[in-house]
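Here's the structure we're looking at; comments come further down.
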Amino acid sequence: MPFNGSGVFSRLYNWQNDRDDGIDILADRHDAEDDNFADALNLTLLRDGSAVPTQNLPMGGMRLTGLGAAVDPEDAVTKQYVDSNLSVPTIGDFKTTVGNPGPEWLKRDGAVYDQADYPILAGMVGQSFAQITGFNALSSGTSASLNGMAYGAGLFVVVGGGGTIRTSPTGTVWTARTSGVTTSLNDVKFENGLFVAVGHAGVILSSPDGITWTARTSSTSENLFGVTFGAGTWVVCGGSGTIRVSVDAIFWAARSVSGFTDWLYSAAYGNGRFVLVGGGSGTSGAGKSVVSADGNTWNAFTSGSSLEHASITFGRGRFLATAGAAIYSSPNGVGWSSIPLVGSALRIATLGSSFLAVGTSGAFAYSPDGALWNIVPPLTGFWQAIGYNGTYALIAGSSGVLAQSSTGFDPGVRFQVPADDPINGYIKAL
């Protein structure tokens with residue numbers, strides 16, 4: 001054989017040894033050696049592509065280099081192409097790309113497809129990109145004002161006036177939980193396997209399951225309005241510039257911004273930093289943001305809004321904060337730009353890769369990207385809480401009003417692709 005099992009070519013004869021051994025160069029021996037060379041050459045790949053591989057080629061840990069740009073769907077691509085054109089989003093096990101790479105990819109134009117036609121992609125995407133077209137009223141089982149909502153550990157948890165805490169796995173049947181407090185609870189988050197709720201008079205509660213709650217010492221009597229988690233740290237904020245931080249949600253340490261006494265109503269974490277928003281001295285005044293990379297050192301900034309910010313969220317690489325009939329956008333919490341809305345927004349939340357803002361005129365603004373906002377038919381009520389379980393959103397507000405989002409199609413049969421790049425964007429399952 002011209003090659004051994006490791007691909008090493010072995011000659012049949014050594015002419016110098018034949019000379020030294022007194023063996024003449026005979027025609028049959030020479031012809032056998034030429035046949036050996038020919039067999040070896042027949043097993044090689046030719047640079048013009050005329051010799052086609054007959055099986056997979058083990059690379060032995062080496063690399064193919066100098067590849068040209070891919071043209072056909074089955075062409076190999078370079079790492080540079082993958083880095084430049086493909087990205088893995090935060091939801092689902094799928095890839096997106098710019099430019100149509102082949103027939104198996106769907107345009108990212110918000111179109112709705114039958115799950116049976118694309119079962120793998122439908123299972124991965126779920127309802128993450130389903131654009132909200134309206135809301136259906138539900139019963140919360142309470143008339144208390146509902147101020148904040150979160151989803152985690154298989155439960156929606158909503159908090160509100162008079163220490164109200166209620167839980168539900170689906171949003172249709174709710175169970176009252178004991179908070180141990182009678183003051184208003186204003187916000188709740190689920191992160192790092194834990195619920196944390198904050199409220200008036202410095203109240204901080206924590207729970208691993210949303211059912212059993214424990215009061216924690218905040219060392220402040222200021223009203224607390226916002227809570228978030230990031231980089232292993234919990235942060236809560238409230239009246240008169242109050243900031244508290246904790247690594248375990250049990251022991252809380254005071255933090256502050258020198259000379260800053262405005263109220264802080266909401267908190268979010270993203271892009272490696274905490275951003276708290278608010279403004280004024282209690283009920284009015286210009287919008288302010290307070291920013292920290294580590295939760296310990298904080299700096300204050302003005303957003304350019306003439307109104308205070310009531311709520312903030314982070315998604316798709318940007319912070320979005322409400323301010324009356326506008327959404328303010330920032331990549332870092334320092335420089336802000338405004339996006340006009342119809343109506344007055346009180347709460348904003350990230351729904352997977354999209355966004356929802358609710359306010360005084362009902363659930364009224366939905367955005368697939370945080371830049372373009374669509375008006376959603378309003379419901380009667382004063383809405384100030386949003387929860388999301390990966391399939392649908394719940395909203396809640398004053399007097400216990402509650403509603404569930406609808407998508408305009410049957411989510412059990414169909415699914416929707418994202419609408420973030422309808423001209424050049426494509427998506428497929430891995």
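Can you tell which of 201, 176, 215 is in contact with a Lys or Arg (Cβ under 8 Å, 6 or more places away or on another chain), modelled with pLDDT of 95 or more and either part of a strand (DSSP E or B) or not polar (S, T, N, Q) (or both)?
176
Look at residue 183 and say whether it is within 25 Å of residue 277 (Cα to Cα), among the β-branched types (Val, Ile, Thr) and in contact with a helix residue (DSSP H, G or I) (Cβ under 7 Å, 6 or more places away or on another chain).
Spelling it out, residue 183 is indeed within 25 Å of residue 277 (Cα to Cα), among the β-branched types (Val, Ile, Thr) and in contact with a helix residue (DSSP H, G or I) (Cβ under 7 Å, 6 or more places away or on another chain).
Could you grab me the full set of residues in the stretch 300-317 that are part of a strand (DSSP E or B) and closer than 30 Å to residue 128 by Cβ?
Within the stretch 300-317, 312, 313, 314, 315 qualify.
Are there any pairs with C-beta distances below 7 angstrom linking a residue in the stretch 174-186 that is within 19 Å of residue 395 (Cβ to Cβ) to a residue that is polar (S, T, N, Q) and assigned to a loop (DSSP other than H, G, I, E, B), with the two at least 6 apart or on different chains, and if so which?
What qualifies is 174/140; 185/179.
Has the stretch 396-411 got at least one residue that is without any contact (Cβ under 8 Å) to a residue 24 or more places away in the chain and either over 21 Å from residue 123 (Cβ atoms) or not basic (Lys, Arg) (or both)?
Yes: the stretch 396-411 contains one or more residues that are without any contact (Cβ under 8 Å) to a residue 24 or more places away in the chain and either over 21 Å from residue 123 (Cβ atoms) or not basic (Lys, Arg) (or both).
Just checking, does the stretch 407-429 include any residue being within 20 Å of residue 146 (Cβ to Cβ), touching a strand residue (DSSP E or B) at 6+ places or on another chain (Cβ under 7 Å) and of a type in the set (Ser, Thr, Tyr)?
no
Out of the stretch 381-420, which residues are within 25 Å of residue 226 (Cβ to Cβ) and assigned to a loop (DSSP other than H, G, I, E, B)?
Of everything in the stretch 381-420, those that are within 25 Å of residue 226 (Cβ to Cβ) and assigned to a loop (DSSP other than H, G, I, E, B) turn out to be 381, 382, 389, 390, 392.
Residue pairs, Cβ under 6 Å, 6 or more apart or interchain, first in the stretch 156-172 and touching a residue at least 12 places away in the same chain (Cβ under 8 Å), second charged (D, E, K, R). List them.
158/166; 165/177; 167/177
Please state which of the following conditions residue 329 fails to meet, knowing it meets all the rest: (1) assigned to a strand (DSSP E or B); (2) at pLDDT 90 or above; (3) surrounded by 19 or more Cβ atoms within 10 Å (Cβ to Cβ).
With (1) assigned to a strand (DSSP E or B); (2) at pLDDT 90 or above; (3) surrounded by 19 or more Cβ atoms within 10 Å (Cβ to Cβ) applied to residue 329, the lone miss is (3).
Could we say that residue 341 is in a loop (DSSP other than H, G, I, E, B), under 26 Å from the mean Cα position of the chain (by Cα) and either more than 25 Å from residue 234 (Cα to Cα) or not small (Gly, Ala, Ser) (or both) here?
Taking the combined requirement at face value, the residue does not satisfy it.
I'm trying to understand the selection: among the residues of the stretch 293-327, which are in contact (Cβ under 8 Å) with a residue 40 or more places away in the chain and hydroxyl-bearing (Ser, Thr, Tyr)?
Those that are in contact (Cβ under 8 Å) with a residue 40 or more places away in the chain and hydroxyl-bearing (Ser, Thr, Tyr): 311, 313.
Can you tell me which of (1) out of contact with any Lys or Arg (no Cβ under 8 Å at 6 or more places or on another chain); (2) part of a strand (DSSP E or B); (3) under 17 Å from residue 402 (Cβ atoms); (4) not small (Gly, Ala, Ser) is the one residue 157 doesn't meet?
Residue 157 satisfies all of (1) out of contact with any Lys or Arg (no Cβ under 8 Å at 6 or more places or on another chain); (2) part of a strand (DSSP E or B); (3) under 17 Å from residue 402 (Cβ atoms); (4) not small (Gly, Ala, Ser) except (1).
Report yes if residue 330 is touching a residue at least 40 places away in the same chain (Cβ under 8 Å) and of a type outside the set (Val, Ile, Thr), otherwise no.
yes
Identify, by number, the condition in (1) crowded, with 23+ Cβ neighbours inside 10 Å; (2) assigned to a strand (DSSP E or B); (3) modelled with pLDDT of 90 or more that residue 346 doesn't meet.
Failed condition: (1).
Within the bounds of the stretch 103-117, is there any residue that is touching a Pro at 6+ places or on another chain (Cβ under 7 Å), of a type in the set (Asp, Glu) and surrounded by fewer than 23 Cβ atoms within 10 Å (Cβ to Cβ)?
Scanning the stretch 103-117 turns up at least one residue that is touching a Pro at 6+ places or on another chain (Cβ under 7 Å), of a type in the set (Asp, Glu) and surrounded by fewer than 23 Cβ atoms within 10 Å (Cβ to Cβ).
Going through the stretch 96-127 one residue at a time, which ones are at pLDDT below 80 and closer than 14 Å to residue 409 by Cα?
Hits for the stretch 96-127 are 126, 127.
Among the residues of the stretch 249-299 satisfying the criterion of being in a strand (DSSP E or B) and aromatic (Phe, Trp, Tyr), which is surrounded by the fewest Cβ atoms within 10 Å (Cβ to Cβ)?
Among those that are in a strand (DSSP E or B) and aromatic (Phe, Trp, Tyr), it is 269.
Please give the number of the condition residue 236 fails out of (1) surrounded by 22 or more Cβ atoms within 10 Å (Cβ to Cβ); (2) on the phi < 0 side of the Ramachandran plot; (3) outside any strand (DSSP E or B).
Here residue 236 meets the rest and fails (3).
Which members of the stretch 17-29 meet the condition of being surrounded by 12 or more Cβ atoms within 10 Å (Cβ to Cβ) and either in a helix (DSSP H, G or I) or not hydrophobic (A, V, I, L, M, F, W, C) (or both)?
Passing the criteria: 18, 29.
Quick check: is even one residue across the stretch 267-280 of a type in the set (Ser, Thr, Tyr) and at pLDDT below 95?
Looking through the stretch 267-280, none of the residues is of a type in the set (Ser, Thr, Tyr) and at pLDDT below 95.
The values are calculated or read from the model by the stated rules, or taken from the named source; none is laboratory data. Owing to the predicted nature of the structure, the values given are computational and were not obtained by experimental measurement. We place every Cβ from the backbone using ideal geometry, glycine too, and count neighbours over all the protein chains shown.
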